[in-house]
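The values are calculated or read from the model by the stated rules, or taken from the named source; none is laboratory data. What you see is a predicted model, and the numbers here were worked out from it, not measured in a lab. With ideal geometry, Cβ positions are generated from the backbone for all residues, glycine too; neighbour counts draw on all protein chains shown. Accessible surface is based on the protein model in full, side chains and every heavy atom, while ligands, DNA and RNA are left aside. Shrake-Rupley method; radii C 1.70, N 1.55, O 1.52, S 1.80 Å.
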Amino acid sequence: MIPPRTQGIELPTLSVVVAAYNIADFIGACLDSLVSETYGDYEVIVVDDGSTDATLEILADRSARYPQLRIIQRENGGLGAARNTGIAAASGKYLTFVDGDDWVEPGYIETCLAEISAHPEIELWVFDYIDVTSHGRQRQACADDFWSCRNAAWNKIYRRELIGGERFDEDILYEDLAAVRPWVARANHKRYLDRALYNYRNLRKGSIMSSVDTTRFFDLFTAADRCVERIECSLGADRAQALLGADWRRRFYTSDVFMPGLVDWPRKIAEAPLRRRYAAEFTSHLNENTDGISKSLLARDFGLKIALAALCYEYSALGAGDFLLHRMGRMKRRLTSLFSGNHRSA
């Protein structure tokens, strides 16, 4: 149930929507990073998506300490549903999103509000983020154009009118791809903020992107199709081509479907036979449901090895494609480790 806003309090400029589900080890640090600032023209709405661990206890503790927090409980419905609940409860003229197992950099709120004040004409801001892995922290550069903004909901500030009545999909994974990219495409006034404000925890076990349940990977096609449909519905086919390029759909499926689906995600599948079976099914979906992919784009933006692997998959040379993309790298790492160990022991 959404708690009512206290009467007489002026509506905030910025609403931060935080989705939380079974993240007791992380949610405290996330909220502390958001409410540690004294600038008061904002609210933080935390949606507990049916957690069964100690997440709710931690939220209750932080809520008692921080008046900026509003806690909403709901039955488990997934990330998209939690965010939609937060949007419905939000009072701010602008929105940002934070996943409860991540955290923001010092000055996040102050920076967002300063940008909003200085540039009232802007509908969408995009900023860099820090990818946090077991190997360390690395800043990831973004941009305010359609191709370089990243699919994530959390490295952006949105004017509420840009989102309007649209919401995140609740029936698929990859809800960011289906919803956020159309918002980026139709924003007339965008701005890149050259700061890394967000820390993305890209190493938590059990997160969506760590799963090897390959049946869920195919939601990507549904998300991509909805993205394309929404862009053409809001912009029109001609304007979409004018803004994004004449062959933008083919480029989109190349960069946002082929690359994650056949290059990135199979790295999470240790067994080679399962990887090849998955690659065969994914390639079949790709060929049947799209206009194909661009080998020249792959060669230009991602390298000849990936372009050659795409050619192998196209002609059902699954073993060769798997070797180029996955086994070659593993063999190289093993040999490097072996010779490095021999060198140290010599």
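Annotations for the structure displayed:
Rundown of residues vs (1) modelled with pLDDT of 95 or more; (2) open to solvent by less than 10 Å² (accessible area, probe 1.4 Å); (3) under 21 Å from the mean Cα position of the chain (by Cα), yes/no style:
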{"position": "ASP41", "(1), (2), (3)": "no, no, no"}
{"position": "ILE45", "(1), (2), (3)": "yes, yes, yes"}
{"position": "TYR66", "(1), (2), (3)": "no, no, no"}
{"position": "LEU79", "(1), (2), (3)": "yes, no, yes"}
{"position": "ALA88", "(1), (2), (3)": "yes, no, yes"}
{"position": "GLY92", "(1), (2), (3)": "yes, yes, no"}
{"position": "CYS112", "(1), (2), (3)": "yes, yes, yes"}
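- Subset of the stretch 152-189 (residues that are among the basic types (Lys, Arg), open to solvent by 20 Å² or more (accessible area, probe 1.4 Å) and touching a residue at least 60 places away in the same chain (Cβ under 8 Å)): ARG159, ARG160, ARG167
- LEU79 vs. criteria touching an Asp or Glu at 6+ places or on another chain (Cβ under 7 Å) and over 14 Å from ARG160 (Cβ atoms): yes
- Comparison of SER296, SER255 shows that the only residue that is part of a helix (DSSP H, G or I), of a type in the set (S, T, N, Q) and either touching a helix residue (DSSP H, G or I) at 6+ places or on another chain (Cβ under 6 Å) or in contact (Cβ under 8 Å) with a residue 24 or more places away in the chain (or both) is SER255.
- Filtered by the rule that a residue be among the β-branched types (Val, Ile, Thr), part of a strand (DSSP E or B) and either in contact with a Leu (Cβ under 9 Å, 6 or more places away or on another chain) or closer than 23 Å to TYR200 by Cβ (or both), the stretch 72-130 gives THR96, VAL98, VAL104, VAL126, ILE130.
- Screening ASN287 on (1) part of a loop (DSSP other than H, G, I, E, B); (2) in contact with an Asp or Glu (Cβ under 9 Å, 6 or more places away or on another chain); (3) open to solvent by 80 Å² or more (accessible area, probe 1.4 Å) shows it passes everything except condition (1).
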